[in-house]
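The values are calculated or read from the model by the stated rules, or taken from the named source; none is laboratory data. On a predicted model such as this, the values are computed, not experimentally measured, just so you know. All Cβ positions, glycine included, derive from the backbone under ideal geometry; neighbour counts span all protein chains shown. Surface accessibility is based on the protein's heavy atoms, side chains included, excluding ligands, DNA and RNA. Shrake-Rupley method; radii C 1.70, N 1.55, O 1.52, S 1.80 Å.
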Amino acid sequence: MFCQRPAALGRNETQRPTAHPVMAIDAQLGLIVLAGGLGTRVGGANKALLSLNGQPLLAHILRQLGRCSEHIIISANRDIAQIQDYGYPVYPDLPAYTQMGPLAGIISAAQALPEHIEYLQIVPCDLPLLNADIITRLYQELHKQPELDIVCAADAGNLHPIVCQMRRRHLQHIQQQLNSSGKHSVRSIIQPYRHAIVTFADSTPFTNYNSSAMFTSTRSGATTS
């Protein structure tokens, strides 16, 4: 039932993670990695491919979570051939939802998941310290409360809506939101619906590498360990 925590990613280790998980949390759990952003806070660079401790951010997140699901999809809108080298299916935003943010990535990638997938875990590529324990806790909360549409992570100080897990039926709400004139933020598909928040004591896994300065400070000596 529980996925195994991987060993730390070394500086000289190959970028490509194991494509086939050893043990999934649940055969009905799919995982979508969002890597389709514009990178406006990092000078327009493809954040998924920016190097942290000698490896792209995407390599870190796949290494950390790759054993949690047998069905991993990457949402990306550029450098698709390079991202495909990691061994997972890559899907761009559907034409109707181009440049409409993370909800577009979720609904577009979800089209490729097998029909038996009941739970969808969403993670961004710029949280390289996320770990399998967080995914497992979210799954436990969602699984034990059938009435819930979605659960999301938080720490003592912040809500992290982009780290969320939902039932497949919730995709209809996402599509409705995308087709509306309202907000297209991830919060917009959490708070109005049946949801729960899972709070974690340790905020470190939610460290968001979303600015050029963070990569500069890491190159100057900071590490992820």
ask   = Under 16 Å from the 7 Å Cα→Cβ point of Q172, by amide nitrogen: which residues of region 133-158?
value = 147-150
key: Nitroxide proxy distance, nm - points 7 Å out along Cα→Cβ at R187 and R137   = 2.2
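Ignoring ligands, DNA and RNA, what percent of the accessible area of region 48-166 is carbon or sulfur (1.4 Å)? Please report the intermediate quantities before stating the final value.
Details: 1980 of 4060 Å².
That share works out to 49 percent.
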query = Quick one: if the Förster radius is 25 Å, what FRET efficiency do E147 and A112 give, using the C-beta to C-beta distance and rounding to 0.05?
reply = 0.35
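So with the 1.4 Å probe, I'd like the accessible area per residue for region 76-125, rounded to whole Å². Write down the numbers at each step before the final one.
Details: 2160 Å² over 50 residues.
Here the per-residue accessible area is 43 Å².
Please sort 86-93, 113-120 by packing, taking for each peptide the average over its residues of neighbouring beta carbons within 10 angstrom, highest first.
Numbers: 86-93: 18.0, 113-120: 16.2.
Listed from highest to lowest mean packing, they are 86-93, 113-120.
Using a probe radius of 1.4 Å on heavy atoms only, what accessible surface per residue do you get for region 128-173? Whole Å² is fine.
That works out to 35 Å² for each residue.
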inquiry  = I want to make sure I understand the PRE zone here: with the label point 7 angstrom from the Cα of T199 toward its beta carbon, which residues in region 131-161 have backbone N atoms less than 11 Å away?
reply    = 154-159
key: Between region 184-207 and region 85-158, the alpha-carbon center distance in angstrom   = 12
